[in-house]
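What follows is a set of notes on a single structure, which appears directly below.
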Amino acid sequence: MTLAEELLLFDQLLIGFAVVACFVFITTLLITAPYGRHERDGWGVAIPARWAWVLMESPNVLLMILMFYWGNRHSNSVAWVFLLIWMLHYVDRTYIYPFKAQMKGKTMPFTVFIFALVFTSFNTFLNGRYLFSLAPVMDSSWFSDPRFLLGCVLFGVGFFYNRHSDAILRSLRSPGETGYKIPYGGLYRFVSCPNYLSEIVMWIGWALATWCWPAALFALWTVANLAPRARAHHQWYQQKFEDYPAERKALIPRLW
């Protein structure tokens, strides 16, 4: 396959990926994905949540390294920085977070696991293949470009608040304790799901810093997946806790 043919195919894959993201957004507004606090029967065999998480997130690390190895940017400093930014999030998210989170005894429907595995694999392929093989080569002047600088700031802010919000959730339970409580502190003063809000901000930052369509579509997918789930979480909190703070919104402070 020539480079021109691959770029044409790649554009078609991106269009298809965008269409599926819109479909997922509409679907998850109507049907809440059945895992975590929303898990319910009728979605196939359940598997251990911790190991399902590690396996379904592993393409984000392993496949991205493979895309970099197969690519032609090994001596390009911008490509190395993109790889390091990606790994900063996903090494922790894949191999550290599931062992800090209280997942003991929790399960995940096999259908949800398969969907997540397919998504992480395809999304990582699109981002890695483009950035490390197909994209126009960026030199070190990109490090001073306002898009890169703003993108890195947004990614850093999102990264910090994502970890901070997760830490607040973990602190609600003592070791071995189950059940849910109302989280307080940090961005929980304003929204029910600051971990989702911060992840959306993080991947918008990634899209700006890399300035490419695969990254922009990843940000779109993040919104399509997490915005409906934030709404479902918010409604769940309101139904479960009579004293749930009325001023909190689901995802966007003071708006929604």
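Points worth noting:
- Some residue of region 186-195 being within 20 Å of Trp86 (Cβ to Cβ), hydrophobic (A, V, I, L, M, F, W, C) and in a loop (DSSP other than H, G, I, E, B): no
- Residues that are of a type outside the set (D, E, K, R) and within 20 Å of Gly179 (Cβ to Cβ), drawn from region 30-81: Thr32, Pro34, Tyr35, Gly36, His38, Ala46, Pro48, Ala49
- Tallying residues that are closer than 26 Å to Leu226 by Cβ, in contact (Cβ under 8 Å) with a residue 40 or more places away in the chain and either of a type outside the set (Ser, Thr, Tyr) or not in a helix (DSSP H, G or I) (or both) within region 136-162 yields 13.
- Failed item in (1) over 25 Å from Val91 (Cβ atoms); (2) within 23 Å of the chain's Cα centre (by Cα), with Val54 passing the rest: (1)
- The set of residues from region 83-132 being surrounded by fewer than 18 Cβ atoms within 10 Å (Cβ to Cβ), aliphatic (A, V, I, L, M) and not in a helix (DSSP H, G or I) comprises Ile96, Ala101.
- Residue count for region 190-220, restricted to those that are surrounded by fewer than 21 Cβ atoms within 10 Å (Cβ to Cβ) and among the aromatic types (Phe, Trp, Tyr): 3.
- Within region 52-82, if we keep just the residues that are assigned to a helix (DSSP H, G or I) and free of Cβ contacts under 8 Å to residues at least 24 places away in the same chain, the residue that is farthest from Leu134 (Cα to Cα) turns out to be Leu62.
- Of the criteria (1) within 17 Å of Met138 (Cα to Cα); (2) at pLDDT below 95, which one Lys100 fails: (1)
- Of everything in region 164-188 that is touching a residue at least 40 places away in the same chain (Cβ under 8 Å) and among the basic types (Lys, Arg), the residue that is farthest from Leu251 (Cα to Cα) is Arg173.
- Considering (1) under 17 Å from the mean Cα position of the chain (by Cα); (2) surrounded by fewer than 14 Cβ atoms within 10 Å (Cβ to Cβ); (3) of a type in the set (S, T, N, Q), the lone condition that Asn162 does not fulfil carries the number (2).
The values are calculated or read from the model by the stated rules, or taken from the named source; none is laboratory data. This is a predicted model, so every value here is computed, not measured. So basically every Cβ, Gly included, is an ideal-geometry build from the backbone, and we count neighbours across all protein chains shown.
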